[in-house]
Amino acid sequence: MHPITARTQLSPNVTRLDVEARRIAEIRQAGQFVIVRRANGAERIPLTIADADPARGTITLVIQAVGKSTRELVALEAGDAIQDISGPLGHPTEMIAAGRALCVGGGVGTAVVHPIAQGLHQRGVEVISIIGGRSREWVIFEEELRRLGQVMVCTDDGSYGRKGFVTDAARDVLAAGGVDIVYAVGPVPMMRAVANLTRPFGVHTIVSLNPVMVDGTGMCGGCRVDVGGQTKFACVEGPEFDGHLVDFDMLAERLGTYREFEEMASAACETGACRSELMPPSQLPAIPS
Ligand code: NAD
Ligand code: FES
C-alpha cells in the first residue's frame, strides 16, 4: 500500500497527489511514468511522475479527473492509500547537455513538462517554458517552472498572461532563434500543432504520448503508436518520441476507441453503478489493429 501524504487541487479537474513510493522516488528519471491501481479490481492508470522527493520517499502524481477511474482516484484524501504502483516505467527523457530548450505544456500536460524542465535545468541547460490553459484557473505548475527558468503563460480567453494558444507564443520564441530543442506535452492537437510549427525551423521536437495503456510491459499492444512508419509500444519504447515522425491521426483515433464506454461508465458512476455491471470486459471492443 502507498499512503497519500498530501492532496492539492491544482485546477477545476486536476489534482496533485503526493504518495509514498520510496524506491521509485529514489530511482525515477525525467519522462518516466508509473501505472497505479487504486484497489483490487480497479482500472490500471498510467501517470507521469511529475516530481519526486527521495528524502521523504514520495512521488508526485497529477491526475485529470475525466472518467470513473480517475474520479475515484482523486476522491482519495491524505491518509488514504493507493494499493499498487508499478514503475518507474518507460525511457527517461532524451536530454541535451547544453544550450537552450523550449518546454511547451498544454493544460494537464504541463505537469509532464515539469520533470523534463527540472532535468534540463540540473544539467545547466537554459529552460524557457510556455504553458497554457483554457483560462487562469486551468494554468498549473507555473511557480515550480519559474524556479527553473523563464515562463510565459497563455490562456485561451486571455484571462491571464498572453491571449491565445501556447503555439502562438512558441512561434515568436522560435522566430527569435537560439532554440536547440523543443519538448511538448499536452492534448494531441496541441502536440501536433507544435510539431508542425517547429518542422520548418528544423528544431528537434520531442512529444510525450499518452495512448491507451493496459499492462505497461510491451505485452498487450494497447499502447501501439506509429512513429516514422514503424510500430512502437509507448510503454516500453516511449512515451517520448520524435514529434516530427508521430502519426497523430492514428493516435487520436485509437484514443477514441473506448470513449463511448468511458462516458457510460462515468454516467453510471454518478448513479452508483460500476462499469463491470454495464459491460463485461469480454464484450468491450478490441483496440483497432
Ligand atoms: P486543453 O484542451 O485545456 O488545452 C490546454 C492548452 O493546450 C490550451 O490552453 C492551448 O494553449 C493548447 N492547445 C489546445 N489545443 C490546441 C491546438 N489545437 N493548437 C495549439 N494549442 C492547443 O487541455 P487539457 O484539458 O488540460 O488536456 C487534456 C488532454 O491532454 C487529454 O486529452 C489528455 O489525454 C491529454 N494529456 C496528455 C498527456 C501526455 O502525456 N501527452 C498527459 C496528460 C494529459
Ligand atoms: Fe501493453 Fe504497452 S501498455 S504493450
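The values are calculated or read from the model by the stated rules, or taken from the named source; none is laboratory data. In this text the structure is predicted, and so the values were computed from the model without any measurement. Methodologically, a virtual Cβ is constructed for each residue, glycine included, from the backbone with ideal geometry; neighbour enumeration extends over all protein chains shown.
In the stretch 1-87, counting only strands (runs of 3 or more DSSP E) that sit wholly within it, the ones holding 2 or more residues that are crowded, with 22+ Cβ neighbours inside 10 Å span 14-20, 33-37, 44-53, 58-64. Selection of the stretch 124-166 for residues being away from ligand 1 (no atom under 14 Å from the Cβ) and assigned to a loop (DSSP other than H, G, I, E, B) yields Gly124, Val125, Arg147, Leu148. Taken over the stretch 192-214, residues that are in contact with a helix residue (DSSP H, G or I) (Cβ under 7 Å, 6 or more places away or on another chain), touching a residue at least 40 places away in the same chain (Cβ under 8 Å) and closer than 25 Å to Val66 by Cα amount to 7. Would you say Arg100 is in contact with a Gly (Cβ under 6 Å, 6 or more places away or on another chain), at pLDDT 95 or above and of a type in the set (D, E, K, R)? Yes. Every condition in (1) part of a strand (DSSP E or B); (2) surrounded by fewer than 21 Cβ atoms within 10 Å (Cβ to Cβ); (3) in contact with a Ser or Thr (Cβ under 9 Å, 6 or more places away or on another chain) is met by Gly105 except one, and the failing one is (2).
Counting only strands (runs of 3 or more DSSP E) wholly contained in the stretch 167-255, the ones carrying 1 or more residues that are more than 16 Å from ligand 2 (Cβ to nearest atom) and loosely packed, with under 15 Cβ neighbours inside 10 Å occupy 240-242. Does Glu72 satisfy being over 19 Å from Leu209 (Cα atoms) and at pLDDT 95 or above? No: the conditions fail for Glu72.
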